[in-house]
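Engineer: Can you keep this structure in mind? I'll have questions shortly.
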Amino acid sequence: MKRTHLFFLILMLVFSLAASGCLSGSDDDDNSDGDQSENGDDDAVDGDTETPDGDDDAVDGDTEAPDGDDDAVDGDTEAPDGDDDAVDGDTETPDGDDDDVDGDTEAPDGDDDAVDGDTEAPDGDDDAVEDDTEVADIEAADGEGTTATLSNVSNSECLTNRDDVVESFEAAYDANTGTVTAIHHNVEFNCCLDTVDVQMQISGTTIQLYESETVTTPCDCICPYDVTSEIDDLEPGGYTVEFYKGGTLAGSANVTVSEEARILSTEDSGCLDTSRLDTEPVSSFEAAYDSETGNVTVIHRNAMFNCCLDEIAVEMTLDGNTIKLKEAEVAPNPCFCTCPYDVTTTIGSLEDGLYTVEFYNDSNQLQGSANVAVGVSSRSANSECLGLTRTEEVEELVLSFEEGVLTASHRRATYNCCIDHIAVAMEIDGTDIDLVETEVLDMPCNCVCPFNVDTRIFGLTPGTYTVNVFAFGSLWQSKNITIP
């Protein structure tokens, strides 16, 4: 009994010492006694093999070292990279561009599109597409005050069969139409283009043509094209036509717009009732000068052509003071009848003078003619010597006006017997008309005789004029005349 009682006392003592912490072989600070060794760390597991690592993560004693970076994961292998993205320690470097992706391979390119670092360069134009083939405001500064227009643009088909593919440039002026035609030969565009667009800018005497292709579905090939641009209403003078492709100068050509006479317009009345031929002649001709516009209007009345024509084409050639008009019907679907037409042609840029307008059909047969005076002009002629016996007759100046022509007749003017002719120069100052006569001769004779010198003056507007005749450098006589 005593032994049993002693055993229970010893057992109670042991439990008592254990509860008071007096019995601990490991001397560590965890709740498990007798583990391998104290590690002094701050985790919840005592006696583990880890050493205090001093890092700030939730796992103590791990193999990571404090890395000082600013991500949510401590002790990772990334180093603080100082960039401005949400991911720390990535391989990207701060690139300073203006997109939302940091460390991309794009560089800040300074252009004005929404995509940074693209291959486009800022082109400074005013459209919504950056770095397109257009150049800045090519429709601006287009020759302030000019009336020139780009009337037509066309391009050939792909010239795949052309052996000579050398790029070349051409510009020519057509005096009949007043049109400059500029051709860019063998310019390369996509094989599957829809059309070539051309915009024009005029600066002084330089015409700039900007070409760009329109392609809905591009192909993986290019081929040569001829691009033709037609320009109307250019002022007379010399021009340089510059051809641009994609905003880059490709080449140029020179052209001169002359003041040669040309047809400005041609109109026809349409098929007229043949009953008018009962009272009017077939094919009569008129010509009139308009001093306000400087143009000449010629009318071929009752010209007989096919009833079903599309148009009456008129071509003009100028031979000295003779204007030749060739008329031809354009009738793809002719009818078996003819009818009268009035054909009106307006001609511009004629120099002052008296002209004869000749009308030809398409077989070059002359149909008729009409005379017209352009501006205020004159034409003079003199008679042969009137005979030495008439030297005693009175010299006089006679003025007359008929059918729009003022005639100044210097009757019995005395000049050398052996003259070639008498030249008359006209000068007009307001309503004063000076006629200066000069004898022209190779070898003078030792005699004089009387001549009649007639000067016809065209294009005068209504009013009262003073005609002054000068002979041998002095005023001989003056007279007034009123033109209704």
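Engineer: Among the residues of segment 228-261, count how many are of a type in the set (D, E, K, R) and either open to solvent by less than 30 Å² (accessible area, probe 1.4 Å) or within 21 Å of residue 183 (Cβ to Cβ) (or both). Walk me through it before giving the result.
Structural biologist: Taking segment 228-261 as the starting set, the residues that turn out to be of a type in the set (D, E, K, R) are 230, 232-233, 235, 242, 245, 259-260.
If we keep only those that are either open to solvent by less than 30 Å² (accessible area, probe 1.4 Å) or within 21 Å of residue 183 (Cβ to Cβ) (or both) too, we end up with 230, 232-233, 242, 245.
Number of matching residues: 5.
Engineer: Here is a list: 393, 384. Which entry is touching a Lys or Arg at 6+ places or on another chain (Cβ under 7 Å), modelled with pLDDT under 95, surrounded by fewer than 15 Cβ atoms within 10 Å (Cβ to Cβ) and not in a strand (DSSP E or B)? Step through it out loud before you land on a result.
Structural biologist: Working: 384 fails: touching a Lys or Arg at 6+ places or on another chain (Cβ under 7 Å).
Within the list 393, 384, the selection yields 393.
Engineer: State yes or no: is residue 225 at pLDDT 85 or above, surrounded by 18 or more Cβ atoms within 10 Å (Cβ to Cβ) and within 30 Å of residue 263 (Cα to Cα)? I'd like the intermediate steps shown before the answer.
Structural biologist: Numbers: at pLDDT 85 or above: yes; surrounded by 18 or more Cβ atoms within 10 Å (Cβ to Cβ): yes; within 30 Å of residue 263 (Cα to Cα): no.
When the stated conditions are applied, residue 225 does not pass them.
Engineer: Same structure, new question: Provide a single number: the residues in segment 341-364 that are open to solvent by less than 10 Å² (accessible area, probe 1.4 Å) and over 30 Å from residue 380 (Cβ atoms).
Structural biologist: Number of matching residues: 2.
Engineer: Taking segment 428-484, which residues are farther than 17 Å from residue 373 by Cβ and aromatic (Phe, Trp, Tyr)?
Structural biologist: 451, 470, 472, 476
Engineer: Select from segment 297-326 the residues that are within 13 Å of residue 374 (Cβ to Cβ) and modelled with pLDDT of 95 or more and list them in ascending order.
Structural biologist: 297, 298
Engineer: Oh, and also: From the set of residues in segment 131-183 that are among the aliphatic types (A, V, I, L, M) and at pLDDT below 70, which is surrounded by the fewest Cβ atoms within 10 Å (Cβ to Cβ)? Can you show your working first?
Structural biologist: Just the residues of segment 131-183 that are among the aliphatic types (A, V, I, L, M), to begin with: 135-136, 138, 140-141, 148, 150, 153, 159, 165-166, 171-172, 175, 180, 182-183.
Among the residues that remain, those that are also at pLDDT below 70 are: 135-136, 138, 140-141.
Numbers: 135: 18, 136: 11, 138: 18, 140: 9, 141: 11.
Looking at the filtered set, the residue picked out is 140.
Engineer: Now, a different point. From 314, 298, grab the single residue that is under 30 Å from residue 455 (Cα atoms), surrounded by 16 or more Cβ atoms within 10 Å (Cβ to Cβ) and touching a strand residue (DSSP E or B) at 6+ places or on another chain (Cβ under 7 Å).
Structural biologist: On the way: 314 fails: under 30 Å from residue 455 (Cα atoms).
Step by step, each of 314, 298 is checked, and only 298 is under 30 Å from residue 455 (Cα atoms), surrounded by 16 or more Cβ atoms within 10 Å (Cβ to Cβ) and touching a strand residue (DSSP E or B) at 6+ places or on another chain (Cβ under 7 Å).
Engineer: Still on this structure: Among the residues of segment 425-479, write down those that are touching a Phe, Trp or Tyr at 6+ places or on another chain (Cβ under 7 Å), open to solvent by 50 Å² or more (accessible area, probe 1.4 Å) and closer than 18 Å to residue 409 by Cβ.
Structural biologist: Answer for segment 425-479, where residues must be touching a Phe, Trp or Tyr at 6+ places or on another chain (Cβ under 7 Å), open to solvent by 50 Å² or more (accessible area, probe 1.4 Å) and closer than 18 Å to residue 409 by Cβ: 436, 439, 470, 476.
Engineer: Mind listing whichever residues of segment 196-214 are exposed (fewer than 14 other Cβ atoms within 10 Å of the Cβ) and more than 16 Å from residue 249 (Cα to Cα)?
Structural biologist: Our first condition is that a residue be exposed (fewer than 14 other Cβ atoms within 10 Å of the Cβ); within segment 196-214, this holds for 203-204, 206, 214.
Answer for segment 196-214, where residues must be exposed (fewer than 14 other Cβ atoms within 10 Å of the Cβ) and more than 16 Å from residue 249 (Cα to Cα): 204, 214.
Engineer: Taking the condition in a loop (DSSP other than H, G, I, E, B) and modelled with pLDDT under 95, does residue 443 pass?
Structural biologist: yes
Engineer: Additional query: Kindly list the number of the only condition in (1) among the aliphatic types (A, V, I, L, M); (2) loosely packed, with under 14 Cβ neighbours inside 10 Å; (3) in a strand (DSSP E or B) that fails for residue 282.
Structural biologist: Single failed check for residue 282: (3).
The values are calculated or read from the model by the stated rules, or taken from the named source; none is laboratory data. Fair warning: this is a prediction, and the values are worked out from it, not measured in the lab. Note that we place each Cβ from the backbone using ideal geometry, even for glycine, and neighbour counts take in every protein chain shown. Just so you know, the surface numbers come from the protein's heavy atoms only, side chains and all, with ligands and any DNA or RNA stripped out. Shrake-Rupley method; radii C 1.70, N 1.55, O 1.52, S 1.80 Å.
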